[in-house]
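In what follows, a structure is listed as structure tokens, so that the remarks can point back to it.
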Amino acid sequence: MKSLSRLLVLLIAMSACVISQAQDKPRWALKGVESLNKERTNESYKFVKFETFGGELKQLQQERFQPLVEYLASTYGLSDENADVKQLTPGQAIASTPNDAEGDKGVQREYLIEFGGEKPVKFYAELVDEYVSFDENVDMSYDYTLYQLYAVSTNAEGNKPVFDEYDLTRSYNAKALALSIVPGLGQLYKGQNTKAYCIWGGEAVFIAGAIYFDHRRSNYAKDAQNADVTIADSYRSKSKSWRNMRNIAIAGACGLYVYNLIDAAVSKGARQVIVKKPNGANLALQPTLLTTENFDYCPGVKLSLCF
């Protein structure tokens, strides 16, 4: 029984490791940009993520625009040999603290990318956020990874897109709490993958332990009913001990579940980008289908007021 008690204490300690787990990598670097592109207010631009690897961070920063230029050249069938990148927003092109956990809106810069040739083409892009990771390889060497999130124009006509405004935050709305009804999903949504895995593992251990302990309790309880009076008390004592172990396991599962809810509601997650909706009222005309008195469809125009 003592060995089982030590095992249960060890499992509780392992489950408690969720408290110390933190995730600094931004959510867009972990999850991609699909959800961000759904939050745009218009389709004149889209979010694109780039990752570049190298042994020297300074070199990666000097070549920071290369993946952006290559992406535009590949997407629109252009040559990147005569490409030129001009910074339109005043300030330094390289952030001083790209790994600030809270994020730094000071890194946001707007750029003009021009491709030379018989028919010059230009695009606009805005750096929204960036992050640098330091990775150790198997051979004990080290590499840097530069993550960049850009908002990039979606046409080659040279028209300037209507970029939205963006905020950087580690706070999450009620969705994380709602998802945490299923243990670990709220943490997974916030980019805290290790914490989610620990919660899943802890709940699995506690539930499996409760089932096993109750099975042993039930066996000893049956033995006590069928045993001789001289040894029935011994079986009842063992059944009671296994019942206590079962109750501890159930309490552990419930405690971890409550922690999962509180953590999802109040803890800060991976940095995320919030697309700010435009302020004020806007009028918009768009085609639509109208119905007549005979319930026939006919083309028409709808006037929408958004505020």
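The values are calculated or read from the model by the stated rules, or taken from the named source; none is laboratory data. These numbers come from a predicted model, not from an experiment. Ideal geometry is used to build each Cβ from the backbone, glycine not excepted, and the neighbour counts take in all protein chains shown. Protein only, heavy atoms only, side chains kept; ligands, DNA and RNA dropped before computing areas. Shrake-Rupley method; radii C 1.70, N 1.55, O 1.52, S 1.80 Å.
Straight-line cross-link partners of K105 among the lysines, defined as a Cα under 22 Å from its Cα and at least 8 positions apart when in the same chain: K25, K31, K38, K46, K49, K58, K86, K160, K190, K268, K276, K277. For the modelled label position 7 Å from the Cα of N137 along Cα-to-Cβ, which residues of the range 43-68 have backbone nitrogen atoms closer than 15 Å? The answer is 53-57, whose backbone nitrogens lie closer than 15 Å to the label point.
For the pair K31 and I262, label points projected 7 Å from Cα toward Cβ lie 2.5 nm apart. Measuring r between the beta carbons of E51 and A204 and using R0 = 25 Å, the FRET efficiency lands at 0.15. The value obtained for the range 192-268, namely the Cα convex hull volume divided by the number of residues, is 59 Å³ per residue. Computing the accessible area with a 1.4 Å probe over protein heavy atoms, can you report the carbon and sulfur percentage for the range 139-266? Answer for the range 139-266: carbon and sulfur cover 58 percent of the accessible area.
Compute the label zone of E81 within the range 121-136: residues whose backbone N is under 17 Å from the point 7 Å along Cα-to-Cβ. Counting only backbone N, you get 121.
Phi angles across the range 204-214 convert, under the Karplus curve 6.51 cos²θ - 1.76 cosθ + 1.60 with θ = phi - 60°, into 3J(HN,Hα) values of 4, 5, 5, 5, 4, x, 4, 5, 5, 5, 5 Hz, Gly and Pro given as x. With every protein chain in place and a 1.4 angstrom probe, the accessible-area ranking of C198, C254, largest first, reads C254, C198.
Suppose we look only past 17 Å in the calculated P(r) of the range 47-177. What percent of the Cα-Cα pairs does that tail hold?
Percentage above 17 Å: 63.
Stretching the chain fully between K276 and K105 yields a gain of 60.2 nm (0.36 nm per residue, less the alpha carbon separation).
Estimated from the Cβ-Cβ distance and a Förster radius of 41 angstrom, the FRET efficiency linking S171 and N244 is about 0.50.
What is the range 127-220 by shape, rounded, prolate or oblate, if you read a ≥ b ≥ c off the alpha carbon gyration tensor as root eigenvalues and call it rounded for a/c under 1.5, prolate for a/b larger than b/c, and oblate otherwise? Because a/c hits 1.5 or more and a/b fails to exceed b/c, the range 127-220 counts as oblate.
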